1. From the phi angles alone, apply the Karplus equation (6.51, -1.76, 1.60; θ = phi - 60°) to the range 297-312 and give each ³J(HN,Hα) in whole Hz, x where the residue is Gly or Pro.
2. Step through the residues of the range 130-137 one at a time and calculate ³J(HN,Hα) from phi using the Karplus curve (6.51 cos²θ - 1.76 cosθ + 1.60, θ = phi - 60°), rounding each to whole Hz and writing x for Gly and Pro.
3. Would you mind checking LYS242/LYS271; LYS101/LYS230; LYS149/LYS230; LYS218/LYS242; LYS242/LYS380 for any pair whose Cα atoms are more than 27 angstrom apart?
4. Pull up all non-local amide H partners of GLY129: gap of 5 or more, or a different chain, and H-to-H distance under 5 Å with H placed in the peptide plane.
5. Whole-Hz Karplus ³J(HN,Hα) for the range 314-320, in order, using 6.51 cos²θ - 1.76 cosθ + 1.60 and θ = phi - 60°, x for Gly and Pro?
6. To the nearest 0.05, what FRET efficiency results for SER273 and ILE87 with a Förster distance of 51 Å applied to their C-beta separation?
7. Dividing the Cα convex hull volume of the range 163-216 by residue count, how many Å³ per residue is that?
Amino acid sequence: MAAGTDLSPPFALLEGGYDKEKGSSSDEEGSGAHENLKQMMVGKPPRHISCMRHCVSTARLATAAELDSDNVIEVVKPPSDGKAAFIPVFRSGSCTEIGPKPYMEDEHVCIDNLEEYLGTAVQDFPTPGAFYGVFDGHGGTDAASFIRKNLLKFMVEDSHFPRCMDKAITSAFAKADHAFADAHSLDSSSGTTALTALIYGRTMLIANAGDCRAVLGKRGRAIELSRDHKPNCSIERRRIEKLGGMVYDGYLNGQLSVARALGDWHMKGPKGSACPLSAEPELQEAILGEEDEFLIMGCDGLWDVMSSQCAVTIARKELMLHNDPERCSRELVREALKRNTCDNLTVVVICFSADPPPRIEIPKTRVRRSISAEGLNFLKGALDSV
C-alpha cells in the first residue's frame, strides 16, 4: 500500500501539448524526416512552485538508458498474440499541491496490491488487483476525507463483490453518500467529487462522479475514460432540468460547479430520492493491453489548464526519461502551476509495466509533413470515436 493512505484493512484529444514536433525533410533522395522535441513553456511559475505538499511513489526503478530526444525513434512492435499475453504490473506515484487556494481540500488513495491489502477478507478476487482514487472536496474537507476512508470498504462489503463489480461500485457510492449524511460529527453540507479506478487482472473499471478525469496513455495517445460532469454539459443539463433543477451561469441551482457529487446534503432531498445533484457514478470499462502504458487521474485543477493529450505527452516523456511515476506526477503538477491553475492540484499516475514506455518511430517519408506527432494522435483519437 502506498504511503499517504491510512485506510484500515480489511476490508474504469485535445489541443495543446507539452512537446511539439516539427517535421523537416528535403526533396533529395535518401533524406529522412527527423523530429526535434521542443519543450513549450507556458506562463511563469509561481513563487511557491518548489513547495510540494505531498508526493508519493510506490516504486523507484533505475533509468533503462539515457534517451536522446533528437534521435529518430526505433519501432517497437507488440507480439502477435497482443493483449492475450499481457499481464499488468502496477506502480503508482502521486503529487498534491495546495495551489492558490487558502485550504487543501483534495484527498487521494493508491493501493498497488489489492490482494495483499484485503488479505482474507475477499475470496476469489482476480489478480493482480489495484485500487486508486482522487477526491476533490469543496465546502470543507469532511466529505472528501470520509469518502476516501470508506468507499473501498463499502465496495468490498457489497454482496455483488467481486462477482459483479459494476453493481458493487455503484452501490458503494450510494452507501458512502448516505453514511456521510448520517455521520453527525461531520459537516454534511461539505461535498466531494469522486473518481476511482478498480483494476483486477486486465480489467479496469473507472467510476466517476464529478469533474475529476481519468486519461489512459496508449502509445502516446490520450484516451479519456471519464466524462466531466459539468452542469453545462448537455446530458447533465437535461437530467438536471428534468428533475426540477436549473443551471445558472454554469452552476447547478446557481450554487455548485459540478452536476454530480457525494455529500452536499443541503442540496439533496430524502435519501434514495432522485435529485438534480446526483451521487451516481458513470462507469467505463477498459481491457488493458501492451499498448496501454499508464493512467493519469487528476482533479479539475489539472484539467482546467491542460488538455488530456498534453498531459499524456508530458507524462510519457517523463517516464521515458526516468520511469518514476512520482516524478511524473510532480512534473504534471508543476506544469499546471506554471499555467496558473486556480485550484488545488492532485495527480496520480499509474504505470502498467515495470519498463519505461518504448520509443515510437515516426515513419520516414519523402513527403513534407505538416502535422506534429501530437496532432496525429489527436486525429487518430477523433477518428476512433466516430
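1. Computed from phi, the couplings for the range 297-312 are 10, x, 7, 5, x, 7, 6, 5, 10, 8, 6, 4, 5, 4, 4, 5 Hz.
2. Karplus values, whole Hz, x for Gly and Pro: 8, 9, 9, x, 10, 10, 9, x.
3. From LYS242/LYS271; LYS101/LYS230; LYS149/LYS230; LYS218/LYS242; LYS242/LYS380, over 27 Å: LYS218/LYS242; LYS242/LYS380.
4. The list, which skips near neighbours in sequence, is LEU114, GLU115, GLY201.
5. 5, 4, 5, 4, 5, 5, 5
6. Calculated transfer efficiency: 0.70.
7. Convex hull of Cα atoms, per residue: 87 Å³.
Taken together, the values in this text are just the output of simple stated rules run on the coordinates, not laboratory data. Just so we're clear, the structure is a prediction, and the values are computed from it rather than from any experiment. Cβ sites come from the backbone with ideal geometry, for glycine too, and all protein chains shown count toward neighbours.
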